Every structure is written in structure tokens, then in C-alpha cells.
1. Would you confirm whether or not region 8-19 contains a residue that is modelled with pLDDT under 90, under 17 Å from residue 80 (Cβ atoms), within 13 Å of the chain's Cα centre (by Cα) and not in a helix (DSSP H, G or I)?
2. For residues in region 120-142 being touching a helix residue (DSSP H, G or I) at 6+ places or on another chain (Cβ under 7 Å) and at pLDDT below 95, which is nearest to residue 52 (Cα to Cα)?
3. Can you run down the residue pairs with Cβ atoms below 7 Å, 6 or more apart or on separate chains, where the first is in region 137-164 and on the phi > 0 side of the Ramachandran plot and the partner is of a type in the set (Val, Ile, Thr)?
4. State whether one or more residues within region 109-116 are within 30 Å of residue 29 (Cα to Cα), at pLDDT below 95 and in contact with a Ser or Thr (Cβ under 8 Å, 6 or more places away or on another chain).
5. Which of the residues belonging to region 66-100 are surrounded by fewer than 14 Cβ atoms within 10 Å (Cβ to Cβ) and farther than 20 Å from residue 42 by Cα?
6. Do the conditions hold for residue 64, that is, is it under 26 Å from residue 184 (Cβ atoms) and not basic (Lys, Arg)?
7. For region 262-275, indicate whether the set of residues that are in contact with a strand residue (DSSP E or B) (Cβ under 7 Å, 6 or more places away or on another chain), at pLDDT 95 or above, surrounded by 24 or more Cβ atoms within 10 Å (Cβ to Cβ) and over 16 Å from residue 185 (Cα atoms) is non-empty.
8. Counting only residues that are buried (at least 24 other Cβ atoms within 10 Å of the Cβ) and among the basic types (Lys, Arg), which one in region 1-45 is farthest from residue 252 (Cα to Cα)?
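The values are calculated or read from the model by the stated rules, or taken from the named source; none is laboratory data. Here the structure is a predicted model, which means the values were calculated and not measured. Because the Cβ atoms are built from the backbone with ideal geometry, glycine has one as well, and the counts that use them run over all protein chains shown.
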Amino acid sequence: MIYTVTLNPGLDRVLWTEELKEGIPNRAIDDKTCIGGKGIGVSRALANLGIKSTALGFVGGFAGHMLNKLLEEELNIKVNFTEIEEETRINVTVYINNSEKHIQINTSGPKISSRECDDLIHKIKDLDNPEVITVGGSLPQGLGPEIYRKIVHIAKEKNAKIILDIDGPSLKACIDARPNIIKPNIYELSDFVGYELKSMDEIIRAARNIYEYGIEIVLVSMDAKGMLMIANGEVCLAEPPRIIVKNVLGAGDSSIAGFIYGMANGKDLKESLIYAVAAGTAATLSDGKILCPKEDFMKLLPLVKISSIMHK
């Protein structure tokens, strides 16, 4: 069974406008409410690819109730959330029509009590036959990176593959727990090493640095440049075709779902990497409400180019 953990989920209000000006009311030409949070995004993309998962995390208040309802009733995703006293966060993204420009505003989220944290940890300890546990997103108030370390240890005790998609400082704080797979983007990887990564050589060196901690698979998402993978001592690059990007929300989550989809279907690591890039690219072709449509995913698979990189 596949489980996803989102410690700081939210409702995403997505707006489209013809232009964005300061000091005057800006009228939206379209708007949608989507479910946000990296782990939940993985569950949503997996569902569209035909893979079942169970979503865990914290939810509370009206926004939390709505999030729970949308997942169960509209998306048919099984949930096992931990109820909290404070309100689930609401984030806002504004797209300027006919442009790749957008503004994204994420709120910090609720404060989690020690009792609520313990409740979630107990749920994870009680998971039935977990094969993969993926954890992603930001930390809510009241929690530190130590919770990631706890989840990694629980996953390993249950012989589950653990995937982390978390920011640089949090990753640095728990990297020695040795999660099986990590998926930072370039900016998170830059945070990890403490300086801006610009060239491919710099990105590979930084990814190797993390790999040498004893990580089985390091995936680095690089937007339109594709995804880098270091595994079994080899460096591979998968590149997507050129496309017109409609939306960026959920692309990273979809790439993790694609990688899991490949593994679940018995594909090797290179093939799973192709699946990851196809899924992440498919997410950018939709408006964000349907994450990683399978039809787009299948069309993109043969268009992804993969190569091995020799690097000293």
C-alpha cells in the first residue's frame, strides 16, 4: 500500500486575470479551488494514473473539512487525517492570462500541539503493510524537522520505502536518517549546500554530496531542464519535450507519483525516471484542477529523452 503524508496541507485558491496592477482592484476572469500540499498532490496524481493511496496529515476547521470532503467525495482518495483545533491554511496563486508569469502566496498554516503530533505518529506506526511512504511539503507551526526523522525511522522499521520532498534546511536536519529517496528541486538543493547552483556540474556535485550520505536515489527536479537522478553510482538526466506551460502547481508532486507508478509497475530506475518527467510535464499542461491527466502522461512518455552523464 502507498501512503502519503502532508504535514501542512491547504486549500489553493487559483485565480486568472488579464493583468495585475498595483493600487486598483484587479478582476479575475476565472477561479478555482484546488487541494494543496505536496503529499496530497502525490495522492491526486496517483489516483489519475490509476494507483490507489491513502493520504495522512493534519486538517482542521472549515478549510480542513472542505479539503477532506473534496478528496473523499470528488477524487475518491482514501484519507486518514488527524483532526486539529486550528484552521487548515488557504494559499493563493494568481496567473496572468496568456503569460507564464504568476504570483504564489503561501500562508504559514496552523500551530500543531504535541498531542496532535503524537496522534499522527501513532497512525503512521499503525499503518497496514506500507510499501511506500512519501512525505512532502512545509512544516506547520509547532513542529520541527525532527518529525521527518521520526517518520523515516518508522518507515524503515516497517520495511517501507520512504520518499522525502522537503525544503533544504529540513532536509539537512534529517539527512543522516537516510531516507531511501529524496526529491529536492534546484532551489531546495541550493539551500542544502548553502549557495546558488547555476551550472549542471554544480548541480551534479551537490546531488552527489547528498547521495554520499547513504541515500539510495537522489532526484533533482530542474523545471524545463528535466530531472537528474543519481542511483547505483550513475548519473542520469531525463529531459521533457518543449511545451506551453499552463500551470506549475503540482508538477513536482506529479513527478514523484510518476516515479512511484514506474516502480509499482516493475519498471527499472531509468524507466521510472522517464515516468517521473512525463508525469511532472503532464501536470503543467492542465489548469491544476486535474493533476497529471493520464492521457497527457501516456502521450508524453515516448517524448522524454534520457541520457547518462559522465561526471568526475
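1. No, every residue in region 8-19 fails to be modelled with pLDDT under 90, under 17 Å from residue 80 (Cβ atoms), within 13 Å of the chain's Cα centre (by Cα) and not in a helix (DSSP H, G or I).
2. Looking at residues that are touching a helix residue (DSSP H, G or I) at 6+ places or on another chain (Cβ under 7 Å) and at pLDDT below 95, I get 136.
3. Correct list of pairs: 137/6; 142/112.
4. Looking only at region 109-116, we keep the residues that are within 30 Å of residue 29 (Cα to Cα), and these are 109.
Keeping just the survivors that are at pLDDT below 95 gives 109.
Narrowing further to those that are in contact with a Ser or Thr (Cβ under 8 Å, 6 or more places away or on another chain): 109.
Checking region 109-116: at least one residue is within 30 Å of residue 29 (Cα to Cα), at pLDDT below 95 and in contact with a Ser or Thr (Cβ under 8 Å, 6 or more places away or on another chain).
5. 83, 85, 97, 98, 99, 100, listed by residue number.
6. Numbers: under 26 Å from residue 184 (Cβ atoms): no; not basic (Lys, Arg): yes.
The answer is no for residue 64.
7. Step one: of region 262-275, the residues in contact with a strand residue (DSSP E or B) (Cβ under 7 Å, 6 or more places away or on another chain) are 269-270, 273-274.
Adding the requirement that they be at pLDDT 95 or above leaves 269-270, 273-274.
So of that shortlist, the ones also surrounded by 24 or more Cβ atoms within 10 Å (Cβ to Cβ) come out as 273-274.
Cutting the leftovers down to over 16 Å from residue 185 (Cα atoms) gives us 274.
Yes: one or more hits.
8. The residue in question is 44.
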